[in-house]
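Q: Take a look at this one; I'll ask things after.
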Amino acid sequence: MLCLFCMSGASAYCNDQEEIHAIESYLNSLKHIAAKFTQIDASGSTQFGNFFLSRPGKLKWEYLRPKKITILFNGEQILYHNKELDQKSEYKTQDSLIYFLISPKIQLSNPDSEYYLQSFGNNGKELSLEIKKKNQLKDETLVIKFNKSPLKLIGIEMKDSLSIFISSIIEYRSLDKNLFKV
């Protein structure tokens, strides 16, 4: 969206809208990433692992320590596998806010989208988005951070009863399809 008549106070909004549209385009062009993550629960317990994303529809959390757990989003469901206990469970994918990242088309400015932009931050070097899901049962927020120039994904954070920090993000042309098998 191009703002032709930006005036005083409205110019910041217009610049934000242009940057938000650039972020939408960037996220929709982003197909494959691998990263490291740290998860901290309400009691302060910490877990570490690897994070893989293949858009649209696939995401994998591979917990390495202290517990060996795999959580796989395959576009329709979430598959949970505790390797140590050999327990498996399934859930609906759309129940999680993280589905925003693997959705077929990311739209922040569409009022009909089930996700909405709660806040937008711009400190001159980095941009950040706080995303919420409409009608969600739990108070969950997805924070996505970008380097401003050039526009590049640098961090993802999930906040609710636990916090997950995704960092050391590397973009790839493709990822091994076997990564998304439990």
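Q: Tally the residues that are under 16 Å from E24 (Cβ atoms) and either without any contact (Cβ under 8 Å) to a residue 40 or more places away in the chain or β-branched (V, I, T) (or both), restricting the search to the range 133-147.
A: 2
Q: Okay, moving on. Considering each of I102, I106, I164, I170 in turn, give the residue that is at pLDDT 85 or above, exposed (fewer than 15 other Cβ atoms within 10 Å of the Cβ) and among the hydrophobic types (A, V, I, L, M, F, W, C).
A: Details: I102 fails: exposed (fewer than 15 other Cβ atoms within 10 Å of the Cβ); I106 fails: exposed (fewer than 15 other Cβ atoms within 10 Å of the Cβ); I164 fails: exposed (fewer than 15 other Cβ atoms within 10 Å of the Cβ).
After applying the criteria, what remains is I170.
Q: Any residue in the range 115-127 that is in contact with an Asp or Glu (Cβ under 7 Å, 6 or more places away or on another chain) and surrounded by 18 or more Cβ atoms within 10 Å (Cβ to Cβ)?
A: Yes, the range 115-127 contains at least one residue that is in contact with an Asp or Glu (Cβ under 7 Å, 6 or more places away or on another chain) and surrounded by 18 or more Cβ atoms within 10 Å (Cβ to Cβ).
Q: Can you pull out the residues in the range 39-61 that are surrounded by fewer than 18 Cβ atoms within 10 Å (Cβ to Cβ) and either at pLDDT 90 or above or assigned to a loop (DSSP other than H, G, I, E, B) (or both)?
A: Within the range 39-61, Q39, I40, A42, S43, G44, S45, T46, F48, N50, P56, G57 qualify.
Q: Within 24 Å of P150 (Cβ to Cβ), out of contact with any Leu (no Cβ under 6 Å at 6 or more places or on another chain) and modelled with pLDDT under 85: is that true of S11 in this structure?
A: Details: within 24 Å of P150 (Cβ to Cβ): yes; out of contact with any Leu (no Cβ under 6 Å at 6 or more places or on another chain): yes; modelled with pLDDT under 85: yes.
Criteria met by S11.
Q: Among the residues of the range 134-161 satisfying the criterion of being among the basic types (K, R) and over 19 Å from L53 (Cβ atoms), which is surrounded by the most Cβ atoms within 10 Å (Cβ to Cβ)?
A: Per the stated criteria, the residue is K148.
Q: Are any residues in the range 62-109 part of a loop (DSSP other than H, G, I, E, B) and free of Cβ contacts under 8 Å to residues at least 60 places away in the same chain, and if so, which ones?
A: Scanning the range 62-109 gives P66, K67, K68, G75, E76, K83, E84, L85, D86, S96, S103, P104.
Q: Hey, can you tell me all the residues within the range 47-74 that are touching a strand residue (DSSP E or B) at 6+ places or on another chain (Cβ under 7 Å) and among the small types (G, A, S)?
A: G49, S54
Q: Hey, any hits in the range 64-71 for a residue that's of a type outside the set (S, T, Y) and under 20 Å from A22 (Cβ atoms)?
A: No, there is no match, as no residue in the range 64-71 is of a type outside the set (S, T, Y) and under 20 Å from A22 (Cβ atoms).
The values are calculated or read from the model by the stated rules, or taken from the named source; none is laboratory data. Here the structure is a predicted model, which means the values were calculated and not measured. All Cβ positions, glycine included, derive from the backbone under ideal geometry; neighbour counts span all protein chains shown.
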